[in-house]
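Novice: Below is the structure I would like to discuss, written out as C-alpha cells.
Just so you know, all these numbers are worked out from the coordinates, no wet-lab data involved. Remember, it's a predicted structure, so these values are computed and weren't measured experimentally. Note that we place each Cβ from the backbone using ideal geometry, even for glycine, and neighbour counts take in every protein chain shown.
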Amino acid sequence: MRETFFFLLMLCLSLAAGHALAQEADSFETGLQRLSANSFSETERAIEEIAASGHPQAYKILDAASSRRLFYSKLQNVVAWKKDSGAYVDARTGDATTSPPDDLKAVRLNNKLRGLVDAAMGGLSLLADDPGKRRDAAASVFKTRDVKNLQSVNAALAKEKNAEIAKMLTEAKAAIIVTTTGYPDAEVIDAIKSLEARGDQETLGLIRAVPDTASEAVKKAAASAEASVETKLALWETAQNLWYGLSLGSVLLLAAIGLAITFGVMGVINMAHGEMVMIGAYTTFVVQEFIRSSAPELFNYSLAIAVPLAFVVAGVVGVAIERGVIRFLYGRPLDTLLATWGISLILQQTVRTIFGPTNREVGAPDFMSGAFEIGQLSITWNRLWIFIFAALIFTGLLLALRYTSMGLQMRAVTQNRRMAGSMGIRTGRVDALTFGLGSGIAGLAGVALSQIDNVSPNLGQSYIIDSFLVVIFGGVGNLWGTLIGAMSLGIANKFLEPFAGAVLGKILLLVLIILFIQKRPRGLFALKGRAIEQ
Amino acid sequence: MDQVSGNKITRALLYLSGVSVSFEGFRAINNLSLTIDHGEMRAIIGPNGAGKTTMMDIITGKTRPDEGDVLYNDGNVDLTQLDETSIANLGIGRKFQKPTVFEQHTVEDNLLLSLKADRGVWPNLFWRTTEAHRERIDEILEITKLTAHRSRMAGALSHGQKQWLEIGMLLGQDPKLLLVDEPVAGMTDAETAQTADLLRDIAKDHSVVVVEHDMDFVRALDVKVTVLHEGSVLAEGRLDQVTSDERVIEVYLGR
Amino acid sequence: MISRAIFENNVGGTIFLGILAILAVMVPVLHLAVPEDSFFHVSTSTVVVFGKYLSFALLALSLDLIWGYCGILSLGHGAFFALGGYAMGMYLKLQTSGGAPPDFMVFLNWKDLPWYWWGFDHLSFALLMVLFIPGILAFVFGYFAFRSRVTGVYLSIITQLLTYALWLSFFRNDMGFGGNNGLTDFSTIAGYSVQAPETRAALFSTTAIALMAGYLIAKAVVESKLGKVLVAIRDAESRTRFIGYRVEAYKTFVFTLAAMMAGVAGALYVPQVGIINPGEFHPANSIEMVIWVGAGGRGTLTGAALGAVLINYFKTIFTTGFLAPYWLFALGGIFILVTVFLPKGIVGTLASVDWRRWIPAKRAPADEAQLKPEPAE
C-alpha cells in the first residue's frame, strides 16, 4: 500500500516536472531561433524568452551576449558562444563544438538590449553554480521584487538544495507576490507568513505595502504579521542597544577600573588617570610604528606586544608619580586631587610636544576588523574583543586581589590603613605598587581604546569624567561595584540616546547621577562600619 | 511626643530598650537596654568591642539603630528620628574618645563656639559677644585650668589640656546630659584625679554618662556602674558588686 | 601670630584696599587723560587685561570663602562665574539687537524671544539675575548635596559633574544661548559703547570697586562668629554637628554667597572681554581657579586675590610669546609645587613666618597686640 502510494507520488512529481521542463524547453528553443533573425526586436524577444525559460544554459548564453561572445550561424541553425580560450560551445547543449560553422556572426546588442540582458541575468544568476552568486541574486531579487523574475525564482526554488538559499528564494518570491496584485489570497497570505518569519525592517516595509485593494483576509494577515514583526524588531533593537550599552560599559570599565583601585585602596583621586590611558594608547602607537618600519609581518601581533608594554610603561609612570608627588600628600585628598591634575597637564603637554597635537593613526589587526551578525544584531569585532579584554582584566584583577599576598595586603590597607600598618604591612610599598597597578591597568585600557578612539593628547581628558562617574556610582573599594556601575551607566547611556539624543542623554545621565549621590553619598556598594566613617 | 503624662513608657532622662545595630553582619549592639535618670551619673565599663562607643553614636544620632527605642526626656523625644545637630540642641553633649577640638581656633574661640546660644546662621553672622558670654568663658577657663592658654591655638595644647578643653566645651554647651568617652585616657595620675573631681562637680547639676577603662578612675567617681559586653548589658550595680560578679570576671580575665 | 594679623587682617588688607582704590582712580586717569605717547599712558589692552584680572580676583575671593574657610573644594565654581557672565551677556545682546531676538536666534528661525530671555533688556533686571541665577542654583544644589552630607572628594566630583552638564547644555543651539559661539558682538552697555575708552575705564573702576566690596563682605563674614563656625566645620565637621550647629545650613549659606560673588565677577568679566561662550563652563577652568587660590594662600582673602592676578599675569606672559607651548608645563608645575611645597600659599606662608626673629628690636604696635594677644609661649 505504502509502495503504491509512493509510486503514485513519484509519478505525479515527475509528470509535473516533465511538464515544466517541456514548457521551458519550448521557450528556450524559440528564443534561440529568434537570435538568428539578426534584428533588435527579435533579439529582444529572444532574450526575454531565454531568460524566462530558466534553462540551465540560459545564464551562460546571456552572459556571453553581454560580452559580445555570443554567435549564431543562420545556415546551420546553431547558436554558440566563445570561451576565453577561444573554443566554441554549443549554446543549446553546453557541449564543446569541435567544428564551429564558418558563417558565425556575433549577436549584436544595442543599449536597450544590453540593459535587458543585465536585468535578465540578475534573475538567472539564481541558477548559477556558485552558491555565493545565487545568494546575491536572491537578495537582489528580494530588493527589486520585479515580477519578471518570478519565473526564474520558481525555477531556482525547484532546484535549490541549499536550505539557506532556498529560504532566501522563498522570501524573494513572497516579496514579489505581496507587492503584486492579482494573486489568490491563500498564496498572498502564505507569502506574508514567510515574510513575517524573516522579520526585519525591510519586510516590515513590504508588509505595510500590501495594497488597500487587497481582501480583508489578506489585510488581517498583514496586520497581524506587521504587529509580530514590529515586536520582533523592537526586541532586536533592544538587544542591539543592550549590546551597545555593554560595549560602552566595557570601555567605561576599562577606563575606570584602575581609578577604582587607586581611589579604593589609597583614597587618592588621581586626576592624571586619563593620561595613563593616553600613555597606553601612545605605547600602542609606538609599537605599531616600530613594527611597520621594521617587521611588517608582525602587524597582526602588534596589540599582543603592546599590551604588556603599555602595562609596564604606564605602571612605571604611575609608580614614579606616587613616589615623586603623591606620597607627600597622604591624608590630604583634595591636595592630591590638585597635584595630580597638575601632573595630568604636564603629561598631556609632554605627549603633545613629542607626538604633536594631532590624532595619531593606530591600525587594527585583521582579527579586529569587520563585523558579523547574529540575527538582526550587528556586532563589530573590535567592540567584541574589547568587551572580552575588559572581562579578562576584571577577572584577572579580582583573582589577583583575592588570591595573591599583594592583593591581601591591598585589601587590608583598604579596610584599615593604620591597622594594616601596625600589622607590619609596609603601607608605603603597598601604596606605590597599588598606584603602579592602577596606572598599569589604565595603560591596558589605552591599548583597547586606541582601537576605537582618536589617539591624541586629549584622549585621557575625554574619559576622566566618565571614569569618576563610574567609580562614585559604583562605590569605592569594591570592584563589583565598579563593574555594575560601568555596565549600568553604559546601558543607561545607550538607552537614553535614542530618546534624548547623545548630548541631552548624557546631560540627563549626569543629572541622574548627581541626584543619586544625594541618596547614596558613598555609591551603590559602599563599605560600612566605623573605620570608614572616620 | 505629646503623650498623656500618666501613660508614659518612662520617666527617665534617657531610656534605651531592645536596641540592636549591626555592621555588615557584625552585631555591635545586641538588644541593649539602659536607663539613665535625671541628675544621675553613670559609669560604663566593658572590654574593647563591647559597643560602648557605638552606644554613644546611637544616642547622639551618628548611627541609626536597626531596632529598639531610644527615648529622651521622660520618653518625650524619640532620638532615633533626629540627627546629630537636633540631638545636640536638645541638650545632649558629647566628648569623644579621641579629643576633638577645633585646632585652628584659639582656646577662647573654641569655648565661644560651644557657648549655649542660638545656633542659626543669621544670629551667628551678626553675633555680638556680650559681657555675660565673656564672664562665662572666663569661668570655664578657670574651671578647666586653661586661663593661661586662652589665646593659644587649640591644636598646640597638650593631650590632657585638649581633654579638659573638650570638657570645658561641654560645660559651655550646658547640656542636660553629658556623654563622656574615656576622659582620662593619656592623663597622668594627678590629672586623672582632678578630672574625677571635675566630673563629680559637674554631676551635681547635670546627668553624666562616663565610659572609661581606668578602674581607679571609675572607683574615684563612686557611682553606679554598667558593664557592657558584646553589645548588651552584662551587669549593673556598685563597682565592687559588679567586679565580684563571676561573669564579669570571666569576660575581663578570659576563661 | 602678630605677623598673621598683619598679613591676613589689618595691614595686608589695608594695603590691598589702598592699592585697589588707587587703581580704581589712577587707571582711568592714566588711560584717558594722559596722551598716548606718554610713558605714563595706560593702553586699552592693559586696561582690559587688568580689568579681567580683577574680575578673576573677585572670583578667587569667592572660591576662597568656601574652600579656604569652609573646606568645600568646588571643582565647578566656574559654572557660577559663567552663569553671571551669561546673564550680563544676555543684557548686552539685547542692547545690540534692540530687544528683538538676537542674530543667532534669527538663524534658528526663532520669531520671538524665549521666556527666559524676558526682562534682560533692562540692566537692573539683568544685574539682579547676575546675583540670583548663580545664587539659586548654588542654593538648590548646595541644599541637597550638603543635606545628604556629600563631602570631600565626592563633593568635588559632583560639582565637576554640575559644570560639565552645564558645559554640554550650553553647547546646544536649541538652549537659546548661542550654542558654540556663545554671546558676543556687543555694542552698548547702559547706552554707552562698550568699545569706548571711557566705558572701558569705567568698567575697570567698577571691577576694582566690586573687588573692594567683595573683600569687605568676605572679611566681615570670616571674622564674624559665623566665620569661626565655618572654620570649625572645615577642621572638624562632625564635632561641629555635635555641639549643635546645623552644618548643612552654614555650608549652603557660604556656598550660595560665594556663587553670587562669582556671578558678579562673571558679569564684570563679560563686557570687558566682549564674549561669553560655553568654554567658561569647562571643568578645567574651574580646577584652574582653585590653584589661583592655592598659590596665593587658601584661607587668606588677600592671598586668593593676589594668586588670581599673579597666575593670570603669568598666563598672559606665557601664552602670548614664544613660551606658549610651555604654559601647561608651568601651570602643571604650579599645581604640584603649591600642593607639595607651599600648601599655605604665598600669603599664608609669609603670614606664618615669625618676622620678629628678623627684626628683634621692634615691638608690634599696641592695637594689634590687643586684637590678637600673644600666645603664652
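Novice: In nm, give the distance between the simple-model label positions of B:R134 and A:T404, each being 7 Å from the Cα along the Cα-to-Cβ direction.
Specialist: In this crude spin-label approximation the distance works out to 6.6 nm.
Novice: Kindly provide the pair-distance distribution of the range A:297-434 built from C-alpha pairs, with 10 Å bins from 0 and whole-percent values in order of increasing distance.
Specialist: Bin by bin from 0 Å, the calculated values are 9, 25, 30, 23, 11, 2.
Novice: Turning to a different aspect of this structure: Please report, to one decimal in angstroms, the Kirkwood hydrodynamic radius of chain A built from all distinct Cα-Cα pairs.
Specialist: It works out to 28.9 Å.
Novice: How far is helix A:302-324 tilted, in degrees, relative to the longest principal axis of the Cα atoms in chain A, given as a value from 0 to 90 rounded to the nearest 10?
Specialist: The angle comes out at about 20 degrees.
Novice: Return the Rg/Rh value of the protein assembly as shown, two decimal places, where both radii are evaluated on C-alpha atoms and Rh is the Kirkwood radius.
Specialist: That ratio is 1.13, to two decimals.
Novice: Helix A:273-294: angle to the longest alpha-carbon principal axis of chain A, degrees 0 to 90, nearest 10?
Specialist: Its long axis makes an angle of about 50 degrees.
Novice: A further question on this structure: Pairs of alpha-carbon atoms within less than 8 angstrom and 6+ residues apart define the contacts here; what relative contact order does chain B have, in percent?
Specialist: 26
Novice: Based on a Kirkwood Rh over C-alpha pairs, give the Stokes-Einstein translational diffusion coefficient of the range B:91-222 at 37 °C and viscosity 0.692 mPa s in µm²/s.
Specialist: Stokes-Einstein gives a translational diffusion coefficient of 218 µm²/s.
Novice: Assign one of three labels to the range A:288-349, namely rounded, prolate or oblate, based on the Cα gyration tensor with a ≥ b ≥ c the square roots of its eigenvalues; rounded applies when a/c is under 1.5, prolate when it is not and a/b is larger than b/c, and oblate otherwise.
Specialist: prolate
Novice: Can I ask one more? If each residue's Cβ is checked for other Cβ atoms within 10 Å, how do A:S422, A:S450, B:S232 rank with the fewest at the top?
Specialist: A:S422, B:S232, A:S450
Novice: Another question, if that's okay. Taking only Cα atoms and a 10 Å spring cutoff, compute GNM fluctuations for chain B and point out the largest among B:V180, B:V107, B:V77.
Specialist: B:V77
Novice: So how do C:R172, C:R234, A:R208 line up by other beta-carbon neighbours within 10 Å, fewest first?
Specialist: The fewest-first ordering by Cβ neighbours comes to A:R208, C:R172, C:R234.
Novice: Among B:G120, B:G91, B:G168, whose mean-square fluctuation peaks in a Gaussian network model of chain B (Cα, cutoff 10 Å)?
Specialist: Sorting by GNM fluctuation, first place goes to B:G120.
Novice: Evaluated at 20 °C with a viscosity of 1.002 mPa s, what Stokes-Einstein diffusion coefficient in µm²/s does the range A:15-208 have when Rh comes from the Kirkwood expression over alpha-carbon pairs?
Specialist: 122
Novice: To continue, here is another question. Taking only Cα atoms and a 10 Å spring cutoff, compute GNM fluctuations for chain C and point out the largest among C:V293, C:V153, C:V229.
Specialist: C:V153
Novice: For the range B:172-255, compute the orientation-averaged projected area of the C-alpha convex hull (one quarter of its surface), in nm².
Specialist: That works out to 6.3 nm².
Novice: Cα atoms only: what Rg and Dmax, in Å, come out for the range C:174-270?
Specialist: 19.4, 57
Novice: Still on this structure, I have one more. At 0.890 mPa s and 25 °C, plugging the Kirkwood radius over alpha-carbon pairs of the range C:164-211 into Stokes-Einstein gives what diffusion coefficient in µm²/s?
Specialist: 190
Novice: Next up: Hey, could you pull the Cα Rg and Dmax for the range A:237-533, both in Å?
Specialist: For the range A:237-533, the Cα radius of gyration and maximum Cα-Cα distance read 19.0, 59 Å.
Novice: Determine ³J(HN,Hα), in whole Hz, for all residues of the range A:392-397 in sequence, where each value follows from phi through the Karplus function 6.51 cos²θ - 1.76 cosθ + 1.60 and θ = phi - 60°; x replaces Gly and Pro.
Specialist: Values, residue by residue: 5, 4, 4, 4, x, 5 Hz.
Novice: From zero up to wherever the largest Cα-Cα distance of the range B:151-210 sits, split into 10 Å bins and tell me the percent of pairs in each.
Specialist: 21, 55, 23, 1
Novice: Counting pairs of alpha carbon atoms under 8 Å apart in space and at least six apart in sequence, what relative contact order in percent does the range C:30-154 give?
Specialist: So the answer I get is 21 percent.
Novice: Let a ≥ b ≥ c be the square roots of the eigenvalues of the Cα gyration tensor of chain C; is it rounded (a/c under 1.5), or, if not, prolate (a/b larger than b/c) or oblate?
Specialist: Note, shape of chain C comes out oblate.
Novice: Using the Karplus curve 6.51 cos²θ - 1.76 cosθ + 1.60 with θ = phi - 60°, work out ³J(HN,Hα) for each residue of the range B:190-202 in order, rounded to whole Hz, and write x for Gly and Pro.
Specialist: Along the range B:190-202, the couplings run 4, 4, 4, 4, 4, 5, 4, 4, 4, 5, 4, 5, 4 Hz.
Novice: Could I ask something else about it? Sorted from fewest to most neighbouring beta carbons within 10 Å, what does the list A:L254, C:L216 look like?
Specialist: The most exposed by this proxy come first: C:L216, A:L254.
Novice: Return one number: the angle in degrees, 0 to 90 and rounded to the nearest 10, between the long axis of the Cα atoms of helix C:77-97 and the longest principal axis of the Cα atoms of chain C.
Specialist: 30
Novice: Okay, next question. Compute the distance from the alpha-carbon center of the range A:179-199 to that of the range C:326-351, in whole Å.
Specialist: Using only Cα atoms, the two centres lie 77 Å from each other.
Novice: While we're on this one: Within a Cβ distance under 11 Å of A:W341, other residues only, what is the Lys/Arg minus Asp/Glu net charge?
Specialist: Taking every other residue near A:W341 into account, the sum is -3.
Novice: Over all alpha-carbon pairs of chain B, lay out the pair-distance distribution in 5 Å bins, whole %, shortest bin first.
Specialist: 1, 6, 13, 16, 18, 16, 13, 9, 5, 2, 0, 0, 0
Novice: Counting residues in the range C:194-331 as N, plug N into 2.2 N^0.38 Å and put the Cα Rg over that result.
Specialist: 1.25
Novice: Using helices alone, I'd like the mean residue ellipticity at 222 nm for the protein assembly as shown: each DSSP H run of four-plus residues gives -39500 (n - 2.57), total over residue count, nearest 500.
Specialist: Helix-only estimate at 222 nm: -20000 deg cm²/dmol.
Novice: Please report the relative contact order for the range C:284-340, taking Cα pairs under 8 Å with a sequence separation of at least 6, and give it as a percent rounded to a whole number.
Specialist: 29
Novice: Convex hull over the Cα atoms of the range A:372-483, averaged projected area in nm²?
Specialist: So the Cα hull casts an average projection of 8.9 nm².
Novice: Okay, moving on. What residues have an amide H closer than 5 Å to that of B:I44, excluding those fewer than 5 places away on the same chain, when H is modeled at 1.01 Å from N in the peptide plane?
Specialist: Hits under the 5 Å cutoff: B:V210, B:V211, B:E212, B:T226.
Novice: Another one. Is the range C:299-347 rounded, prolate or oblate when judged by the Cα gyration tensor, a ≥ b ≥ c being the square roots of its eigenvalues, rounded requiring a/c under 1.5 and prolate requiring a/b larger than b/c?
Specialist: Cα axes put the range C:299-347 in the oblate bin.
Novice: Considering the Cα positions of the range C:79-191, please state its Rg to one decimal place and its Dmax as a whole number of Å.
Specialist: According to the Cα coordinates of the range C:79-191, Rg and Dmax are 15.8, 47 Å.
Novice: Can you figure out the FRET efficiency of B:V121 with B:D174, using R₀ = 30 Å and their beta-carbon distance, to the nearest 0.05?
Specialist: 0.90
Novice: Moving on to the next point. Projected area of the range A:127-217, taken from the Cα convex hull and averaged over every viewing direction, in nm²?
Specialist: Computed as one quarter of the Cα hull surface, the answer is 5.6 nm².
Novice: In whole angstrom, and with the biggest value first, how far do the Cα coordinates of the range A:104-163 range along each principal axis?
Specialist: Cα spread of the range A:104-163 along its principal axes, largest to smallest: 41, 26, 18 Å.
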